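The values are calculated or read from the model by the stated rules, or taken from the named source; none is laboratory data. Owing to the predicted nature of the structure, the values given are computational and were not obtained by experimental measurement. Positions of Cβ are generated from backbone atoms using ideal geometry, with glycine treated the same way; all protein chains shown enter the neighbour counts. We work out accessible area using only protein heavy atoms, side chains counted, and drop any ligands, DNA or RNA first. Shrake-Rupley method; radii C 1.70, N 1.55, O 1.52, S 1.80 Å.
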Amino acid sequence: MRFENWDEIRTAYQVARMGTVSGAAEVLGVHHATVIRHVDALETRLGTKLFQRHPRGYTPTEAGQQLLAVGQATEDQFAQLAARIAGAGEEMRGELIITSLPALAALVMPAMAELMRAHPALVLRYITDPRVFRLEYGEAHVAIRAGARPTEPDNVVSQLGVNRTALYAAPEYIERHGRPKGPNDLAGHRFVGPDSRESRAPFFRWLAGQVPPEAMVFMANEMASQQAAIEAGLGLGFLPVLQGRAIPRLVEVVAPMTDWDSPFWLVTHVDLHRTPKVQAALKALRSAAVRLDPGG
């Protein structure tokens, strides 16, 4: 038989343990009517009486005693699990999951290398999937996100830095089409960009107001393909400075502009934020951001 409402079982266990509806209601933080409803529903579902009702309270029947035993064992197992999880969070070992933008690898990797040298029992998982990871479900310990400040409840958010962007070209492109003299000298140039002119990135919104749609000669839905097209000389294209300046053959044809900046954020869940592993990762990332800040 499948139980689809574990709240009923938990409620009946507390009634068996406390001996009264009012006692169970106080432990569970619910109204006494909710306790009675849960017990009645569970007895109906099981087809048996779990309690003898009397003026002094509820006395478990034989079935109720079995429920009490199972409930006690389950509560003990959960307590042990919680202790193990809490202990794991206090240790500087095991898996540390960080999700980030691919372009920020130049910031994340030195920070994590330093952290793992200090704590060799750590194992790093670095995930650059574009979806927003659910920290409340334990999908990651630390998330680095760009754009608007994240607003999910129960997350701790702090600004890590500013994601500065510049316009780049390959030498082959400059040889064929020339080098723009600045942000106001883009007429007649060819561009690499996203597959939608509705992109929320501030630099792409800026570009959409500067050049006609036909100037976009290559479009892709992810940054790795756009970078490959820029390196191949297909057009001018935007890259984060941390990424673009790490590619020696690319030429920065227009320096970062404040209109193109977007903040990036450190995000952790409140339940894990204070654990030593997460605090050490945050400290390492902040130190790396200060060292690598292109505007600093």
Inset, instruction - Taking the Cα centre of region 164-258 as origin, sum charge times position over the Cβ atoms of Lys and Arg (+1) and Asp and Glu (-1), and report the length of that vector in debye to the nearest 20. - result: 260 debye
Inset, instruction - Note down the accessible area of Glu172, probe 1.4 Å, to the nearest 10 Å². - result: 70 Å²
Inset, instruction - Rank-order 231-239, 133-141 by packing density, defined as the average count of other C-beta atoms within 10 Å over each peptide's residues, highest first. - result: 231-239, 133-141
Legend entry - R0 of 35 Å, Cβ-Cβ distance Thr44-Asn155: FRET efficiency to nearest 0.05: 0.30
Inset, instruction - Quick one: pull the percent of accessible area on the chain belonging to carbon and sulfur, 1.4 Å probe, ligands and nucleic acids left out. - result: 54 percent
Inset, instruction - Find the accessible area per residue for the chain; the probe is 1.4 Å, ligands and nucleic acids are left out, and the unit is Å². - result: 55 Å²
Inset, instruction - First check a/c for region 164-258, with a ≥ b ≥ c the square roots of the eigenvalues of its C-alpha gyration tensor; if it is under 1.5, answer rounded, and if not, answer prolate when a/b is larger than b/c or oblate otherwise. - result: rounded
Inset, instruction - Taking every Cα atom in the chain, find the radius of gyration and the maximum pairwise distance Dmax, and write them in Å. - result: 28.8, 95
Legend entry - Cβ charges +1 (Lys, Arg) and -1 (Asp, Glu), total dipole of the chain, debye: 360 debye
Legend entry - Among Thr48, Tyr173, Val254 - extreme Cα towards positive end, dipole of the chain, charges at beta-carbon: Val254
Inset, instruction - Using only Cα atoms, tell me the angle between helix 276-292 and the longest principal axis of the chain; keep it within 0 to 90° and round to the nearest 10. - result: 10 degrees
Legend entry - Rounded to 10°, Cα long-axis angle of helix 32-46 versus longest principal axis of the chain: 80 degrees
Legend entry - Those lysines that a straight Cα-Cα span of less than 17 Å connects to Lys49, excepting residues fewer than 8 apart in one chain: none
Legend entry - Relative packing of 150-157, 23-30, which averages over residues the other C-beta atoms within 10 Å, highest first: 23-30, 150-157
Legend entry - Overall form of region 4-84 per C-alpha gyration tensor (a/c, 1.5; a/b vs b/c): prolate
Inset, instruction - Determine the percent antiparallel among the DSSP beta bridges restricted to the chain, to the nearest 5. - result: 65 percent
